[in-house]
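Everything below concerns the one structure shown next.
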Amino acid sequence: MLYEHLLWPKDLIDLDQFTTEHLTAVLDAAENFREVSEREIKKVPTLKGKLVVLFFHENSTRTRLSFEVAAKRLSADTIALSASGSSMSKGETLLDTARNIEAMNPDALVIRHSASGAPSYLGRRLKCPILNAGDGAHAHPTQALLDLMTIRRRLGRIEGLKVAIIGDIAHSRVARSNMIGLKTLGAMVTVAGPPSMMVGGLSDEYGVQVYSRPEPALDGADVVIMLRIQLERQSGRLFPGAREYARVYGLNAQRLALAKPGCLVLHPGPVNQGVEMTPEIYDCPQSVILDQVTNGVAIRMALLFLLVDNSERKGSQPLA
Amino acid sequence: MLYEHLLWPKDLIDLDQFTTEHLTAVLDAAENFREVSEREIKKVPTLKGKLVVLFFHENSTRTRLSFEVAAKRLSADTIALSASGSSMSKGETLLDTARNIEAMNPDALVIRHSASGAPSYLGRRLKCPILNAGDGAHAHPTQALLDLMTIRRRLGRIEGLKVAIIGDIAHSRVARSNMIGLKTLGAMVTVAGPPSMMVGGLSDEYGVQVYSRPEPALDGADVVIMLRIQLERQSGRLFPGAREYARVYGLNAQRLALAKPGCLVLHPGPVNQGVEMTPEIYDCPQSVILDQVTNGVAIRMALLFLLVDNSERKGSQPLA
Amino acid sequence: MLYEHLLWPKDLIDLDQFTTEHLTAVLDAAENFREVSEREIKKVPTLKGKLVVLFFHENSTRTRLSFEVAAKRLSADTIALSASGSSMSKGETLLDTARNIEAMNPDALVIRHSASGAPSYLGRRLKCPILNAGDGAHAHPTQALLDLMTIRRRLGRIEGLKVAIIGDIAHSRVARSNMIGLKTLGAMVTVAGPPSMMVGGLSDEYGVQVYSRPEPALDGADVVIMLRIQLERQSGRLFPGAREYARVYGLNAQRLALAKPGCLVLHPGPVNQGVEMTPEIYDCPQSVILDQVTNGVAIRMALLFLLVDNSERKGSQPLA
């Protein structure tokens with residue numbers, strides 16, 4: 001496997017840290033770990049005796065659960081810490097809370113935070129590996145990696161594919177990390193969304209093609225990633241309403257017909273059915289949304305494996 | 001042991017799934033597992049490498065704790081998921097949340113839900129074994145099984161006993177599952193409660209004798225199960241008040257004297273002392289309320305053992 | 001090691017249970033366990049198969065986390081129970097909740113409670129070892145032990161040192177347990193705080209010297225323990241405000257210069273920077289606040305080791 005010959009960073013902040021080789025190595029390692037989750041005994045001793053702290057300053061079900069399952073399948077111990085039960089409510093700064101966690105000698109700190117840059121800020125100040133589980137509108141690298149894995153498993157490659165990302169591009173950490181990862185692996189990326197949900201400069205910064213309507217973005221696409229609309233945050237402000245959004249941007253059979261036959265449908269979840277896509281699309285064979293969840297555990301196992309004590313890993317085997 | 005020769009269902013929804021033989025087999029297996037909790041090392045490797053997800057959509061201390069202890073004593077990993085920390089608050093349906101959990105390949109999903117029928121609904125749609133930890137006013141099969149175990153341990157049998165169930169029969173999942181289990185094992189069951197807490201047809205549906213006053217129900221009883229009054233939900237609506245309830249339906253020394261000498265007193269907990277029973281009854285030698293808690297862990301160990309990977313279990317031994 | 005020859009109590013309530021020999025034995029055991037947290041595999045099989053229940057009736061990040069890490073490093077299983085998710089909200093008494101937990105056969109119950117005396121009350125009524133993780137304004141013995149460990153590691157001894165404790169002495173369980181532990185091990189203790197935060201009789205009860213101003217307390221001190229001001233509870237009542245408090249009682253370079261050169265600065269955390277001490281003091285080399293956190297895990301490992309099944313421990317080795 002490639003990863004033995006590569007240098008790995010201390011922290012996972014975003015996918016711009018990774019070369020094509022790194023990304024490929026993560027996906028390859030994840031393929032091995034995916035097999036573990038299908039065994040009778042779904043566990044390997046890789047991180048036995050290690051402690052992974054899950055610090056979720058923003059609510060999350062599936063990402064927290066996915067990291068927790070991943071850590072346990074590697075035989076690591078886990079401790080989950082949410083903002084409400086933490087000292088944060090006592091007025092302690094993020095850095096002080098993190099330093100206190102680090103003083104207990106964890107082997108990795110997985111963090112989700114509403115502030116863009118929080119994981120990077122901590123990574124520069126702590127010795128412990130930091131894994132970004134989503135920070136503000138900045139990055140969500142494990143989500144992007146599981147999307148890449150899902151696409152590669154189904155279509156056999158990333159290079160040369162046309163991938164459309166549709167929705168609230170401006171506020172989406174999922175879109176940002178995906179644009180980086182997809183471009184690094186040689187995909188052609190198109191994005192589309194309402195004007196209020198787009199920012200300028202995407203074309204220059206990420207090398208993607210920008211549209212205001214979904215139709216040209218979808219035209220001939222191999223893959224479409226529908227982003228989640230944060231109804232609870234934005235309704236009535238950035239767009240007229242869920243129904244209006246669904247009518248113009250939502251994925252339905254007619255719009256999907258513009259893409260290539262068999263075009264994959266991805267969504268980071270949870271899906272607002274009837275808004276981002278119709279229930280029919282959600283349940284159709286091209287929808288790989290639950291595959292994404294399954295692959296997410298494998299991707300997080302791979303990253304914990306690669307970043308925790310990677311100085312010690314040389315020569316060892318990932319699976320036992 | 002019997003369970004080797006029996007077919008076990010994929011899910012545990014309610015006790016009407018079980019024959020006399022099944023019920024006896026669960027109680028027998030639980031007796032073996034009860035001994036594990038009394039060892040120096042309270043753990044067996046039975047479910048090593050398995051993942052049990054505890055999805056409690058309704059608050060619970062003891063049932064959640066009991067399942068968690070049971071799973072850990074079988075060496076399974078556990079992940080607890082409450083409604084407040086889940087995507088449910090983001091508007092996802094129960095089925096979608098459950099499908100997402102299933103995509104992470106857990107080996108069992110324990111669910112408590114305020115909606116009657118939720119576990120059965122999920123059981124028909126997911127491949128993963130579902131264990132009902134209480135659904136609305138429908139069923140609470142593990143509670144009934146631990147009641148059966150507590151009675152059988154103390155009195156040596158269920159068949160031919162007279163068991164009185166007193167309280168809010170209409171809204172009690174505990175009563176419903178107990179009526180089924182007790183009748184299957186050959187007990188004679190009487191129920192009593194205020195008119196506002198009774199429903200018609202109990203006699204026909206469950207073969208129990210129905211009274212409005214507790215005295216005839218208690219007359220000559222071997223066992224009395226006092227149900228919990230949901231003071232927080234019902235006060236001032238279904239009955240005049242806690243004091244009035246205690247006066248007419250609460251168990252005190254005088255009422256208990258109507259039952260057989262040594263009549264066992266059970267309660268699913270938490271007890272409203274001074275309402276469902278006097279503090280003297282709660283603490284008397286006939287009260288087996290804490291035995292119920294101890295047996296609850298053993299029952300849940302037995303059920304997790306019997307339902308998780310039961311296709312693989314043939315020929316294996318439950319204890320190591 | 002000493003602990004083999006000593007009798008250990010069933011419960012840890014406060015440090016007045018311990019002789020000099022006991023305290024020294026705990027610190028010695030903790031030194032051994034501290035080394036475990038620095039290993040590649042940070043885990044020993046000491047409490048394999050044991051169950052530690054963490055019952056935190058009052059919010060806490062670091063103490064709960066520290067006990068949880070300690071228990072996991074000893075290979076125990078842990079279950080955390082907070083007040084909000086418990087039956088307490090259903091009107092059950094503390095004793096009933098604890099009895100129900102005990103009926104599940106845990107090997108230790110770690111409890112934090114807002115009511116002084118709660119751990120002692122439970123300890124007298126339950127067979128299971130109770131470890132006090134802080135009760136009201138009464139005691140916080142593991143915090144005091146980690147302070148003792150931090151001092152002894154840095155200065156080589158406790159006996160003969162001058163230790164100043166500054167802040168809200170009246171409401172501080174940390175101060176109370178520290179006064180007992182420090183005096184038992186032969187330190188000279190001075191305390192200082194605003195009149196509204198002092199109580200009479202400290203000098204008689206604990207043999208400490210009491211001042212209203214911090215300067216004489218600090219004069220020639222080897223160690224200063226700054227207490228946390230509960231801004232969220234007291235602002236505007238016991239003292240004019242945070243700024244006023246900082247001006248008169250806060251630790252700054254000028255005040256610290258009154259102490260011995262190299263005087264250690266401790267704080268139980270979380271620190272209100274700019275109130276109890278300036279940011280410069282917080283980050284200076286004499287500040288051992290993060291050492292306290294690291295040592296806290298080791299102290300809790302030692303206590304769990306010494307109190308859980310200590311009848312079985314005779315002749316066994318703490319580390320494997």
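The values are calculated or read from the model by the stated rules, or taken from the named source; none is laboratory data. No experiment lies behind these values; they were computed from the predicted model shown. Backbone-built Cβ (ideal geometry, glycine too); neighbour counts: all protein chains shown. To get the accessible areas, we keep the full protein, side chains included, count just its heavy atoms, and leave off ligands, DNA and RNA. Shrake-Rupley method; radii C 1.70, N 1.55, O 1.52, S 1.80 Å.
Can you name every residue in region C:154-211 that is over 21 Å from C:Gln292 (Cβ atoms), touching a Phe, Trp or Tyr at 6+ places or on another chain (Cβ under 9 Å) and small (Gly, Ala, Ser)?
C:Ser196
Go through (1) hydrophobic (A, V, I, L, M, F, W, C); (2) in contact with a Gly (Cβ under 9 Å, 6 or more places away or on another chain); (3) within 12 Å of chain A (Cβ to nearest Cβ) one by one and return the number of the condition B:Met149 breaks.
Result: B:Met149 fails condition (3) only.
Restricting attention to region C:98-150, which residues are out of contact with any Ser or Thr (no Cβ under 7 Å at 6 or more places or on another chain) and among the charged types (D, E, K, R)? Break it down stepwise before answering.
So in region C:98-150, the residues out of contact with any Ser or Thr (no Cβ under 7 Å at 6 or more places or on another chain) come out as C:98-102, C:106-111, C:113-132, C:142, C:145-150.
Passing the criteria: C:Arg99, C:Glu102, C:Asp107, C:Arg124, C:Arg125, C:Lys127, C:Asp147.
Restricting attention to region C:279-295, and to residues there that are more than 8 Å from every other protein chain (Cβ to nearest Cβ) and either of a type in the set (Gly, Ala, Ser) or open to solvent by 40 Å² or more (accessible area, probe 1.4 Å) (or both), which single residue is nearest to C:Gly241 (Cα to Cα)?
By that ranking, first place goes to C:Pro279.
Quick check: anything in region A:234-243 of a type in the set (Lys, Arg), touching an Asp or Glu at 6+ places or on another chain (Cβ under 7 Å) and open to solvent by 20 Å² or more (accessible area, probe 1.4 Å)? Even if it seems obvious, please write down each step before you answer.
So the first thing to find is which residues in region A:234-243 are of a type in the set (Lys, Arg), and the list is A:237, A:243.
Checking the rest, the ones that are also touching an Asp or Glu at 6+ places or on another chain (Cβ under 7 Å) come to none.
Looking through region A:234-243, none of the residues is of a type in the set (Lys, Arg), touching an Asp or Glu at 6+ places or on another chain (Cβ under 7 Å) and open to solvent by 20 Å² or more (accessible area, probe 1.4 Å).
I want to confirm something. Restricting to region A:65-91 and keeping residues that are more than 7 Å from every other protein chain (Cβ to nearest Cβ) and at pLDDT 95 or above, which single residue is surrounded by the fewest Cβ atoms within 10 Å (Cβ to Cβ)?
A:Ser75
More than 17 Å from B:Ala80 (Cα to Cα) and either in contact with a Phe, Trp or Tyr (Cβ under 9 Å, 6 or more places away or on another chain) or outside the structural domain of A:Leu145 (by TED's automatic domain parsing) (or both): does that describe A:Asn105? Outline the logic, then answer.
On the way: more than 17 Å from B:Ala80 (Cα to Cα): yes; either in contact with a Phe, Trp or Tyr (Cβ under 9 Å, 6 or more places away or on another chain) or outside the structural domain of A:Leu145 (by TED's automatic domain parsing) (or both): yes.
The answer is yes for A:Asn105.
Sort out which residues of region B:147-199 are of a type in the set (Ser, Thr, Tyr) and assigned to a helix (DSSP H, G or I), and write them in order of number.
Step one: of region B:147-199, the residues of a type in the set (Ser, Thr, Tyr) are B:150, B:172, B:177, B:184, B:190, B:196.
Correct list: B:Thr150, B:Ser177, B:Thr184, B:Ser196.
Tally the residues that are within 20 Å of C:Gly156 (Cα to Cα), within 14 Å of chain A (Cβ to nearest Cβ) and surrounded by fewer than 21 Cβ atoms within 10 Å (Cβ to Cβ), restricting the search to region C:1-60.
2
Quick one: how many residues across region A:92-101 are assigned to a loop (DSSP other than H, G, I, E, B) and either surrounded by fewer than 19 Cβ atoms within 10 Å (Cβ to Cβ) or more than 7 Å from chain C (Cβ to nearest Cβ) (or both)? Break it down stepwise before answering.
Quick first cut of region A:92-101, residues assigned to a loop (DSSP other than H, G, I, E, B) only: A:92-93.
Narrowing the set further to residues that are either surrounded by fewer than 19 Cβ atoms within 10 Å (Cβ to Cβ) or more than 7 Å from chain C (Cβ to nearest Cβ) (or both) leaves A:93.
Number of matching residues: 1.
Just give me the residues in region C:189-212 being of a type in the set (S, T, N, Q) and open to solvent by less than 40 Å² (accessible area, probe 1.4 Å), in sequence order. Spell out how you get there, then give the answer.
Within region C:189-212, the first condition is being of a type in the set (S, T, N, Q), and the residues that meet it are C:190, C:196, C:203, C:209, C:212.
Scanning region C:189-212 gives a single hit, C:Thr190.
Out of the residues in region A:120-143 that are over 16 Å from A:Leu304 (Cα atoms) and surrounded by 23 or more Cβ atoms within 10 Å (Cβ to Cβ), state the one that is nearest to the other protein chains (Cβ to nearest Cβ). Working first, answer last.
Narrowing region A:120-143 to residues over 16 Å from A:Leu304 (Cα atoms): A:120-122, A:124-126, A:135-139.
Within this subset, residues satisfying the condition of being surrounded by 23 or more Cβ atoms within 10 Å (Cβ to Cβ) are A:122, A:135, A:139.
Details: A:Leu122: 15, A:Asp135: 19, A:Ala139: 21 Å.
Among them, the one singled out is A:Leu122.
Please determine whether any residue of region A:102-119 is within 14 Å of another protein chain (Cβ to nearest Cβ), among the basic types (Lys, Arg) and either outside any strand (DSSP E or B) or free of Cβ contacts under 8 Å to residues at least 40 places away in the same chain (or both).
First, the residues of region A:102-119 that are within 14 Å of another protein chain (Cβ to nearest Cβ): A:102-109, A:112.
Of the ones still in play, those that are also among the basic types (Lys, Arg) are A:112.
Pick out the ones that are also either outside any strand (DSSP E or B) or free of Cβ contacts under 8 Å to residues at least 40 places away in the same chain (or both) and you get none.
So far as region A:102-119 goes, no, none of its residues is within 14 Å of another protein chain (Cβ to nearest Cβ), among the basic types (Lys, Arg) and either outside any strand (DSSP E or B) or free of Cβ contacts under 8 Å to residues at least 40 places away in the same chain (or both).
Please return the ranges of helices (runs of 4 or more DSSP H) entirely within region C:238-313 where 1 or more residues are at pLDDT 95 or above. Show your work before the answer.
Details: elements: C:242-249, C:253-256, C:279-283, C:289-307, C:310-313.
Per the criteria, C:242-249, C:253-256, C:279-283, C:289-307.
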